[in-house]
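The values are calculated or read from the model by the stated rules, or taken from the named source; none is laboratory data. Keep in mind it's a predicted model, so treat the numbers as computed, not measured. Here Cβ is always computed from backbone atoms with ideal geometry, including for glycine, and neighbour counts include all displayed protein chains. Just so you know, the surface numbers come from the protein's heavy atoms only, side chains and all, with ligands and any DNA or RNA stripped out. Shrake-Rupley method; radii C 1.70, N 1.55, O 1.52, S 1.80 Å.
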Amino acid sequence: MKGCLYIVATPIGNLADLSQRALEVLRSVALVAAEDTRHSARLLQAYGITTPMLALHEHNEAQRGALLCERIESGERIALISDAGTPLISDPGYTLVREAHRRALAVVPVPGACAAVAALSAAGLPSDRFCFEGFLPAKSPARRQRLGELAAETRTLIFYEAPHRIEECLADLVAVWGEARPATLARELTKTFETIIQDSLGGLLQRVRTDPDQRKGEFVLVVQGGAERPVTSEEAAMDTLRVLLDYLPLKEAASAAARLTDLRKNRLYELGLQLQNRAEA
Ligand code: SAM
């Protein structure tokens, strides 16, 4: 029999979100590798699944991953789950999956809940392109620095955040990106106290500051990307160059124009030459 590694998504709150296929896989595999076996025992128990479990977390993943791969090579089917949602998404599993590929083993995803995708699907923000940033740094200076690096990102951004940091995280977002950006705070998704609030970053900060309930539970923060820089037409770039050429030699004018427009320096040099030739003709 051929072995394989299943990557099985489990619910992020509502137990009914475990798929029929996930159930069948978890029932039939030889072993379930779980981030926290005590935590996952409750899920397996709720479904009457008696498959043996083995702990696989960030501290033992390299060593246990090799062991699991050996068992798969000998023909066993093994499932990886995390505490909630999709393994590897801000959760362990990458080292194991990489090792499985290195050994040319079959890796089979069994998709299901993922807090990031669930939040994005209900956020009411552009979803055609997005980037998942996971958890921001825990300390404010490093967090602000990361937010500074992301300031020009035009795609919708998705963050995970812990309840004890949600307020200061929003405060840093407002400090670095301003109050106005539209954002959605998705709290306790699929659970009893699920709340999904769309507002500006400033509005969300206010809400979280004034309502203690909005600082409880699990959070995904979805933030609209920054505005696209308008693409400069060659015509507009030539207007810029015309002014600069009154004061600078061609090479310097092309360099300066490259900083003011999104055209490349070489192209601006050619356009500048054209302007100079026209002026001489
Ligand atoms: N692998 C998981 C997934 O697929 O979403 C994420 C695991 S990560 C360690 C845990 C974080 O995911 C939480 O701190 C929170 O930011 C987010 N999260 C998980 N469940 C959530 C829920 N029900 N509602 C909102 N956010 C949730």
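The table that follows gives values for the structure above.
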| item | result |
| --- | --- |
| Within the accessible area of the chain (1.4 Å probe), percent carbon and sulfur | 51 percent |
| The range 130-199: C-alpha pair distances exceeding 14 Å, % | 63 percent |
| Taking the C-alpha atoms of the chain, convex hull volume expressed per residue in Å³ | 186 Å³ |
| 0 to 90° range, to nearest 10: angle between helix 265-280 axis and the chain longest Cα axis | 20 degrees |
| DSSP beta bridges in the chain [antiparallel fraction, %, rounded to 5] | 45 percent |
| DSSP loop chymotrypsin sites (Phe, Trp or Tyr not before Pro) with at most 11 other Cβ within 10 Å excluded, longest remaining stretch of the chain | 1-192 |
| Degrees between helix 166-177 axis and first principal axis of the chain (Cα, 0 to 90, nearest 10) | 20 degrees |
| Label point distance in nm, Phe132-Ser90, each placed 7 Å from Cα along Cα→Cβ | 1.0 nm |
| R0 of 22 Å, Cβ-Cβ distance Asp83-Asp211: FRET efficiency to nearest 0.05 | 0.20 |
| Cα centroid separation, the range 129-143 to the range 170-210 (Å) | 15 Å |
| Whole-number accessible area per residue in Å² for the chain, which is evaluated in the context of all protein chains at 1.4 Å | 54 Å² |
| DSSP bridge pairs, the range 4-113: antiparallel proportion in percent, nearest 5 | 5 percent |
| Amide H partners (placed H, <5 Å) of Val110, local residues excluded | Ile7, Val8, Ala9 |
| Within the chain, helix-based [θ] at 222 nm, where runs of 4 or more DSSP H residues each add -39,500 (n - 2.57), nearest 500 | -13000 deg cm²/dmol |
| Net lengthening on full extension, Glu168/Ala104 (0.36 nm per residue, minus Cα-Cα) | 18.6 nm |
| Low-density loop cleavage sites - trypsin sites (Lys or Arg not before Pro) in the range 1-99, where at most 13 other Cβ are within 10 Å (DSSP) | Lys2 |
| Rounded to 10°, Cα long-axis angle of helix 234-245 versus longest principal axis of the chain | 50 degrees |
| Cβ-defined net charge surrounding Arg242, 12 Å radius [Lys, Arg +1; Asp, Glu -1] | -2 |
| Top of Glu153, Glu252, Glu99 by mean-square fluctuation, Gaussian network on the chain, Cα under 10 Å | Glu252 |
| Pair Glu228, Thr50: separation of 7 Å Cα→Cβ label points (nm) | 5.9 nm |
| Separation of alpha-carbon centers, the range 254-281 and the range 63-92, rounded to whole Å | 57 Å |
| Fraction of antiparallel bridges per DSSP, the range 116-223 only, in percent to nearest 5 | 75 percent |
